[in-house]
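These notes are about the structure you will find just below.
The values are calculated or read from the model by the stated rules, or taken from the named source; none is laboratory data. Keep in mind that this is a model prediction, so the values were computed, not measured. Cβ placement follows ideal geometry from the backbone for every residue including glycine, while neighbour counts extend to all protein chains displayed. The protein model used for the area step is the full one, side chains on, heavy atoms only, and it has no ligands, DNA or RNA in it. Shrake-Rupley method; radii C 1.70, N 1.55, O 1.52, S 1.80 Å.
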Amino acid sequence: MKKAFLFCGLAAMILASCAGNDKKLDEDSAKIADLTMEYKEASDFNDSLMLLMGDIYTGLDSINMQEGLLYNMNQGDNADRREEIRRNLSAIKARLNANKKLLADMEAKVKNSGSQNAVLTKTIEQLKSHIAKQDEKIAQLTTDLENANKQIGELNNTVAQKEEEVKNETAAKEQAQQETIAAENEANKVYYAIGTNKELKKNGLLEKKFLGATKVLKGNFNASYFTTADKRNLSSIPTTAKKVKIWSNMPADSYQIVENSDKTKTIKITNAAKFWSLTPYLIIQVD
């Protein structure tokens with residue numbers, strides 16, 4: 001009976017011991033699981049931070065590239081290049097804003113974790129400083145780009161104004177030249193009429209009253225009866241007549257009446273300036 005009680009006591013102690021070991025094992029397993037989760041979270045956090053850091057520095061390279069494009073356009077008007085830079089800066093700005101949000105979330109996680117990690121805190125502050133500087137640089141480049149657009153616009157307006165001025169000056173010059181030519185042509189116009197005595201009287205070029213002197217162009221006359229010519233290139237006037245008389249007052253030493261091989265006469269002007277100096281109208285009577 002005594003042995004039975006002893007056996008029961010030992011059995012109870014063994015069972016109690018086993019139950020205590022199982023409880024400790026469960027607690028250790030839970031701690032290991034928590035540590036594993038914390039390690040994974042820390043590892044994921046560090047990986048995310050490193051990726052974010054790489055993206056921020058890539059953004060800086062992109063900004064520097066756009067800066068080089070903007071300031072190396074050889075002072076020329078390259079609208080396509082300027083539009084490309086504007087779009088690129090806008091895309092970089094959007095990516096920076098997204099990175100700002102990610103960085104703010106990471107900073108909040110570090111603060112909420114309750115652990116004071118000096119390295120993480122310093123890294124996040126440095127990245128925030130980099131993003132702020134990139135923001136400033138993008139703002140400056142955007143301003144410079146807008147100024148470049150404005151300057152180029154002003155230059156284009158100036159060029160357009162100059163072109164318009166040159167166009168107007170050229171048109172005025174051409175008009176003045178045309179007016180000068182027209183005036184010269186008008187000044188060099190001369191008129192001659194060839195006809196019999198009867199024809200000349202009929203058209204009012206000659207007028208003779210009974211026992212009176214013959215008058216030349218003293219009244220109304222038919223202007224259309226005259227042939228218009230340019231005294232600069234009129235050197236001779238064929239008459240197809242054998243008898244010729246000049247009624248208008250032309251200096252005798254400024255012309256000759258030349259007989260052709262068929263006995264017809266031609267008036268040859270030897271000194272045009274003198275020939276037309278007294279009148280621009282030449283009246284030739286033929287018989």
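Taken over the range 242-260, residues that are open to solvent by less than 20 Å² (accessible area, probe 1.4 Å) and closer than 20 Å to ASN197 by Cα amount to 2. Of all residues in the range 119-133, those that are under 17 Å from LEU96 (Cβ atoms) have Cβ atoms under 8 Å from Cβ atoms of residues that are of a type in the set (Val, Ile, Thr) and surrounded by 12 or more Cβ atoms within 10 Å (Cβ to Cβ), 6 or more apart or on another chain, in ILE124/VAL110; LEU127/ILE56; HIS130/ILE56; ILE131/ILE56. Taking the stated definitions as given, is LYS263 open to solvent by 70 Å² or more (accessible area, probe 1.4 Å), modelled with pLDDT of 95 or more, farther than 23 Å from ASN203 by Cβ and of a type in the set (Lys, Arg)? When the stated conditions are applied, LYS263 does not pass them. For the range 266-279, filtering for residues that are modelled with pLDDT under 95, polar (S, T, N, Q) and not in a loop (DSSP other than H, G, I, E, B) leaves 0.
Remark: pairs (first residue in the range 257-281, within 14 Å of ALA229 (Cα to Cα) and among the aliphatic types (A, V, I, L, M); second residue open to solvent by less than 40 Å² (accessible area, probe 1.4 Å) and in a helix (DSSP H, G or I); Cβ separation under 6 Å; 6+ apart in sequence or on different chains) = ILE269/PHE275.
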